[in-house]
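The next block holds one structure in the form of structure tokens; read it before the comments.
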Amino acid sequence: MPRRLIIAIDGPSGAGKSTLGRMLARELNLLYIDTGSMYRAVALAVLESSVSSIDDVAVGSLAARVSIDLRGEPESMEVTLEGRDVTEAIRSDEVTRLSSIISAIPQVRRAMVERQREMGKRGGVLNGRDIGTVVFPDADVKFFLTALPQERAQRRFVEERVQDPDAEFEETFVDMTARDRRDSTRSDSPLRIPEDAVVIDSTGVSIDEVFATMIAVVREKTRRGLAILGDG
Ligand code: DC
């Protein structure tokens, strides 16, 4: 039996990875694995524990032992931490900021990468920062999604305004830029473009157009292996 398809989507925040990852997983009948939510769940576990977020060894060991699960359909994926639904809780500003800090700790990365490889064994659409470079360097299709920082921040801001009508664009922009800098400059598995990735800049392009481009790339790359697509 052929191995199921692995699609890697990497890129900075606000580039459209989640929306497009979900759409691709749905269209291709693949598992959707949002690896960022796993780092977020670790950050939440740290905040809820007595572990200091600057104690790398303690954070690393917490990451290795907490139970994190991703369940459900791509559009309604539920994230659980020790069996508790934390889908909403991991989207807070505090968790967002801390997830970028603790994801630079090598022991945390090692623990997450191991789980992600296990989860993706039967194929899937995985999105994150190091999927095509570290987690699945031999992924069948690799995308690197990006857009100008102003536009990425604007997308985040629109989402944030739904939660908090007093949100300020400037703050979203500054936070996002700081996170992207951290994610791209850390020494372990920094965000970078995989050599063999298809780079898509979605600045000024609609989600549907980007989706059409991505599907065309997947179909083209799997032309000779269509049996592994959409067979449930
Ligand atoms: O994609 P996101 O914003 O939900 O990710 C949260 C943080 O986790 C982000 O700052 C970068 C980090 N991350 C990572 O280092 N590696 C991944 N594969 C996914 C996310």
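The values are calculated or read from the model by the stated rules, or taken from the named source; none is laboratory data. All of these numbers come straight from a predicted model, not from anything done at the bench. Using ideal geometry, Cβ is built from the backbone for each residue, glycine included, and neighbour counts are taken over all protein chains shown. Just so you know, the surface numbers come from the protein's heavy atoms only, side chains and all, with ligands and any DNA or RNA stripped out. Shrake-Rupley method; radii C 1.70, N 1.55, O 1.52, S 1.80 Å.
If the condition is being under 17 Å from Ile90 (Cβ atoms) and polar (S, T, N, Q), then the range 30-78 contributes Thr35, Ser37, Ser49, Ser53, Ser67, Ser76. Do we have any residue at all in the range 10-24 that's over 16 Å from the mean Cα position of the chain (by Cα), over 17 Å from Met112 (Cβ atoms) and away from the ligand (no atom under 16 Å from the Cβ)? Within the range 10-24 (the criterion being over 16 Å from the mean Cα position of the chain (by Cα), over 17 Å from Met112 (Cβ atoms) and away from the ligand (no atom under 16 Å from the Cβ)), the answer is no, since none of the residues qualifies.
Among the residues that make up the range 40-48, is at least one of them within 29 Å of Thr213 (Cα to Cα), surrounded by fewer than 22 Cβ atoms within 10 Å (Cβ to Cβ) and either of a type in the set (D, E, K, R) or away from the ligand (no atom under 14 Å from the Cβ) (or both)? Looking for residues that are within 29 Å of Thr213 (Cα to Cα), surrounded by fewer than 22 Cβ atoms within 10 Å (Cβ to Cβ) and either of a type in the set (D, E, K, R) or away from the ligand (no atom under 14 Å from the Cβ) (or both), one finds none in the range 40-48, hence no.
Just one residue in the set Gly123, Gly83 is more than 15 Å from the ligand (Cβ to nearest atom), touching a residue at least 24 places away in the same chain (Cβ under 8 Å) and open to solvent by less than 70 Å² (accessible area, probe 1.4 Å); that residue is Gly123. For the range 101-115, residues that are open to solvent by less than 60 Å² (accessible area, probe 1.4 Å), out of contact with any Gly (no Cβ under 6 Å at 6 or more places or on another chain) and part of a helix (DSSP H, G or I) total 7. Each residue in the range 177-208 was checked for being in contact with a Ser or Thr (Cβ under 8 Å, 6 or more places away or on another chain), among the acidic types (Asp, Glu) and open to solvent by 50 Å² or more (accessible area, probe 1.4 Å), and 1 of them qualify. Taking the numbered list (1) open to solvent by less than 70 Å² (accessible area, probe 1.4 Å); (2) within 16 Å of the ligand (Cβ to nearest atom); (3) aliphatic (A, V, I, L, M); (4) more than 16 Å from the chain's Cα centre (by Cα) in turn, Val174 passes all entries but (1). Does the range 63-70 include one or more residues that are away from the ligand (no atom under 12 Å from the Cβ), out of contact with any strand residue (DSSP E or B) (no Cβ under 8 Å at 6 or more places or on another chain), in contact (Cβ under 8 Å) with a residue 40 or more places away in the chain and not aliphatic (A, V, I, L, M)? No. Taking the numbered list (1) on the phi < 0 side of the Ramachandran plot; (2) more than 12 Å from the ligand (Cβ to nearest atom); (3) of a type outside the set (A, V, I, L, M, F, W, C); (4) at pLDDT below 95 in turn, Arg91 passes all entries but (2).
Among the residues making up the range 86-95, those that are open to solvent by 20 Å² or more (accessible area, probe 1.4 Å) and out of contact with any strand residue (DSSP E or B) (no Cβ under 6 Å at 6 or more places or on another chain) are Glu88, Ala89, Arg91, Ser92, Asp93, Glu94.
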